[in-house]
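Report on the structure given below.
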Amino acid sequence: MVAFLQRFGKSIFLNGVESLRGKVSNRFFTVNAAGGKSNGPWNTYLNLLEKKPILTKAVTSGILTFTADIVCQLYQPSKSVRETLDEEKKTGFSAIQYQLQHLDYKRLGIFTSLGVFYIAPCLHFWYGFLMRAVTGLTIRATATRVFFDQSCFAPTFLAGLFSLGLILEGKSDQIKDKLMNELPPTVMMNWTVG
């Protein structure tokens, strides 16, 4: 999910909002061929990105992280939920219904909060800075941005994400261990995916 959000932020800063405006045109996403502003959810969203970029990105990130965590909890339920599903032999719709009734709302709130208050602002300011610091669309400029993104930003961003997550869970005493044990393999995995 973090990789998706990073790519989404990169596309907005690399291409600009205006380049996104003309990419979709059908009845749901109306695009005015004359170049004027038209109604429709996509153009409304793009207009909000122009007028209130941080707020719009924060809300978008909140929706994405909220949805992603629900999907993750349904796909990989907690041990207690799995045991109940096995004991009661719940399958199909009844299993999903049971899982929805037993979501970890604390986890859901933490992940959504991180999306709104940490992920979105960090990506907004980092990619804005990066595009101003390393200008151009040449291969060299792009490679330089990728280098700084992956070597400087990714490890710092992920360390902050891990730390804030543990603080919000009330487990700040585990930050050092998590950073020592899980940050290096996570950063290395990010390098292979990112």
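The values are calculated or read from the model by the stated rules, or taken from the named source; none is laboratory data. Predicted model, so just to flag it, every value in this text is computed and none were measured. We place every Cβ from the backbone using ideal geometry, glycine too, and count neighbours over all the protein chains shown. Surface accessibility is based on the protein's heavy atoms, side chains included, excluding ligands, DNA and RNA. Shrake-Rupley method; radii C 1.70, N 1.55, O 1.52, S 1.80 Å.
So what does PHE129 come to for accessible area, using a 1.4 Å probe and Å² rounded to 10?
So the heavy atoms of PHE129 present about 100 Å² to solvent.
Under a plain spin-label model, where a point goes 7 Å from the Cα along Cα-to-Cβ, how far apart in nm are THR91 and LYS176?
With each label placed 7 Å out from Cα toward Cβ, I get 5.0 nm.
Please give the length that would be gained between MET189 and LEU137 if that part of the chain were fully extended, namely 0.36 nm times their separation in residues minus their C-alpha to C-alpha distance (nm, one decimal). Intermediate values should be presented prior to the final figure.
Numbers: separation 52, 0.36 × 52 = 18.72 nm, distance 2.63 nm.
Extra length from MET189 to LEU137 when fully extended: 16.1 nm.
With a ≥ b ≥ c taken as the square roots of the eigenvalues of the C-alpha gyration tensor of the range 36-113, please select rounded if a/c is under 1.5 and otherwise prolate if a/b is larger than b/c or oblate if it is not?
Values: a/c = 5.71, a/b = 2.59, b/c = 2.21.
The shape class here is prolate.
Of TRP42, TRP191, which has the most accessible area with a 1.4 Å probe, and how do the rest follow in descending order? Please report the intermediate quantities before stating the final value.
Values: TRP42 60, TRP191 130 Å².
I get TRP191, TRP42, largest accessible area first.
Taking the Cβ of PHE66 as the centre, find all other residues whose Cβ is under 14 Å away and add up their charges (Lys, Arg: +1; Asp, Glu: -1).
Working: positive: LYS106, ARG107; negative: ASP69, ASP104.
Taking every Cβ under 14 Å from that of PHE66, the sum is 0.
Leaving ligands and nucleic acids out of the surface, order ILE96, ILE139 by accessible area at 1.4 Å, largest first.
Values: ILE96 75, ILE139 150 Å².
Result of the area sort, largest leading: ILE139, ILE96.
Put LEU137, LEU48 in order of accessible area, largest first, 1.4 Å probe: what do you get? Display every interim value, and only then the final one.
Working: LEU137 130, LEU48 80 Å².
Result of the area sort, largest leading: LEU137, LEU48.
May I ask for the Rg/Rh ratio of the range 95-163, computed from Cα atoms with Rh as the Kirkwood radius, given to two decimals? All intermediate terms of the calculation are to be shown ahead of the outcome.
On the way: Rg = 17.4 Å, Rh = 14.4 Å.
Answer for the range 95-163: 1.21.
When the chain is fully extended, how far beyond the present Cα-Cα distance does GLN150 get from LYS106, taking 0.36 nm per residue of separation?
Details: separation 44, 0.36 × 44 = 15.84 nm, distance 3.05 nm.
That works out to 12.8 nm of additional length.
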